[in-house]
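The values are calculated or read from the model by the stated rules, or taken from the named source; none is laboratory data. It should be emphasised that the depicted structure is a prediction, and the values quoted were computed from it without experimental measurement. So basically every Cβ, Gly included, is an ideal-geometry build from the backbone, and we count neighbours across all protein chains shown. For the accessible areas, the whole protein counts, side chains as well, though only heavy atoms, and no ligand, DNA or RNA atoms are used. Shrake-Rupley method; radii C 1.70, N 1.55, O 1.52, S 1.80 Å.
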Amino acid sequence: MEFTKRFPVCARLLAAFVFFTAASVLCAQEDETVMPGYFVDSNEHIRQRLVWNREMYALNYEVVIQVFENAYRDYATEVTEGHFLEVSLPPGRYRYRVTPFDLFGQRAEASAWNQFDVIAAFIPAIERFLPAVFYLDQKLERVLHISGVNFLEESVFYLENELGRLYPVETRIINNQRAELFFDDEKLIEGVYNIRIENQEVFVDVLSGFVIDYKKPLDYFTKIAWVPAIPVYGDLADIFGVNLFLTGAAFNFEAISSKRGDFNGGLELGVSVYWISHASSFKLNLADIVYDFSTFRFYNGVVFADFDLNIALQRRFNQRRNAFTFRFGLGISLLSGYGSYAGSELVTHFNLGASFLFLTHDIFFIEAGTDYSHYMSDRAFGLIKPRLAIVWQF
């Protein structure tokens, strides 16, 4: 709202000698915006300032203000020697005109009526907010609860720091003293923010100290998986065929960066155990099992354990409810069992794998994926390892 005005110039009579005998006629001037037409005093009262051009030979000015109530009626008449008038008007529709008086006290021509509206102003204040922090590595609804005074349906709320502004996707005004701000999780950026409210684009309040951050630098995943195996080439494929062997289990531990990015890096430690046997194939021919209790060995299959160290790259999405993980690394295997593998043998292998995480409840996920391992020895072979795991994030 601005109520700064200037008035149209009608005429100006120049005086040759002003001290005793000169006379000048001062007329209304054209509109001119000189300064804001309102301000807030120390008692938080809204005041308006009507401003016009100062005339060199004006003695004073008469300002008539009228208010509209079905029709215009006189509201106030003021005389001032200055070129502005400060008033405090309640909300409503008004008009005013200015009549200048010359040095001899003679009335000059009045200006035209100038209309303006006074709109009720509500000065907002933010007093408290909850929560104090949005943790980006937590799967929570991003709602900021704010309390204060003079919250309006048309109030504009946003977060601001030196990097820019974050606007809520939705603002709910509960009442004059409470509001809820809903933010898009994908657009949050870590930093310290001020919470700002604007009423009528003029009245602003700011409360600092709201934080967007990470609660911990790493996310940890513990996995217990069923891992069947498929020999796809090499010695095991020649002996047992390219079949699905159901008896395999794995335990994995991952530490992944919690920072947001295209991919989050981390490490994975894994231990897995497999039994490759005709009896453990998809056909489940249990009659082929031969077990020697004196040596604890399956004579019709290969038992081996893998110890893996992998680099993991994880891509999270859907507000961290789902993730895609790609992994690669090295490991060692202890083989024991059948035929040319009688006794025990230590071999190395390298791994490639990919999996997908599905959030089921709170911190629990289901993981589905597959890995590939190449075992490097004079009897080299390769395994495809589908996996289905229960995952606990902490």
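The table that follows gives values for the structure above.
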{"quantity": "Among the candidates Val9, Val18, residue that is open to solvent by 60 Å² or more (accessible area, probe 1.4 Å), at pLDDT below 50 and farther than 28 Å from Asp205 by Cβ", "calculated": "Val9"}
{"quantity": "Which numbered condition Lys259 misses (of (1) of a type outside the set (S, T, N, Q); (2) under 20 Å from the mean Cα position of the chain (by Cα); (3) open to solvent by 60 Å² or more (accessible area, probe 1.4 Å); (4) at pLDDT 95 or above)", "calculated": "(4)"}
{"quantity": "In the range 52-77, the residues that are farther than 16 Å from Phe116 by Cβ and among the aliphatic types (A, V, I, L, M)", "calculated": "Met56, Ala58, Leu59, Ala71"}
{"quantity": "Number of the exception - Val206 against (1) at pLDDT 95 or above; (2) farther than 19 Å from Ala125 by Cα; (3) of a type in the set (A, V, I, L, M); (4) loosely packed, with under 15 Cβ neighbours inside 10 Å", "calculated": "(2)"}
{"quantity": "Residue count, the range 375-391 (criterion: in contact with a Phe, Trp or Tyr (Cβ under 6 Å, 6 or more places away or on another chain) and either open to solvent by 20 Å² or more (accessible area, probe 1.4 Å) or aromatic (Phe, Trp, Tyr) (or both))", "calculated": "4"}
{"quantity": "Residue within the range 150-163 that is surrounded by 16 or more Cβ atoms within 10 Å (Cβ to Cβ), at pLDDT 90 or above, of a type in the set (D, E, K, R) and in a loop (DSSP other than H, G, I, E, B) present", "calculated": "no"}
{"quantity": "Qualifying residue in the range 123-137 (condition: open to solvent by less than 60 Å² (accessible area, probe 1.4 Å), outside any strand (DSSP E or B) and touching a helix residue (DSSP H, G or I) at 6+ places or on another chain (Cβ under 9 Å))", "calculated": "yes"}
{"quantity": "Which numbered condition Phe365 fails, given (1) within 28 Å of the chain's Cα centre (by Cα); (2) loosely packed, with under 14 Cβ neighbours inside 10 Å", "calculated": "(2)"}
{"quantity": "Options Ala342, Ala305, Ala312; residue that is at pLDDT below 95 and more than 22 Å from Leu244 (Cα to Cα)", "calculated": "Ala342"}
{"quantity": "Pairs with Cβ under 9 Å, 6+ apart, first in the range 301-320 and more than 20 Å from Glu268 (Cα to Cα) and open to solvent by less than 30 Å² (accessible area, probe 1.4 Å), second part of a loop (DSSP other than H, G, I, E, B) and of a type outside the set (A, V, I, L, M)", "calculated": "Gly301/Thr247; Gly301/Tyr338; Val302/Tyr338"}
{"quantity": "Breaking point among (1) touching a residue at least 60 places away in the same chain (Cβ under 8 Å); (2) charged (D, E, K, R); (3) closer than 30 Å to Arg321 by Cα; (4) buried (at least 18 other Cβ atoms within 10 Å of the Cβ), for Asp102", "calculated": "(3)"}
{"quantity": "Of residues in the range 164-203 being within 21 Å of Asp137 (Cα to Cα) and in a loop (DSSP other than H, G, I, E, B), the one most open to solvent (accessible area, probe 1.4 Å)", "calculated": "Tyr167"}
{"quantity": "Any hit, the range 285-294, residues being in a strand (DSSP E or B), open to solvent by 30 Å² or more (accessible area, probe 1.4 Å) and modelled with pLDDT under 95", "calculated": "yes"}
{"quantity": "Any chance Ile224 is part of a strand (DSSP E or B), touching a residue at least 60 places away in the same chain (Cβ under 8 Å) and surrounded by 15 or more Cβ atoms within 10 Å (Cβ to Cβ)", "calculated": "no"}
{"quantity": "Condition check for Glu55: buried (at least 18 other Cβ atoms within 10 Å of the Cβ), in contact (Cβ under 8 Å) with a residue 40 or more places away in the chain and over 30 Å from Glu170 (Cα atoms)", "calculated": "yes"}
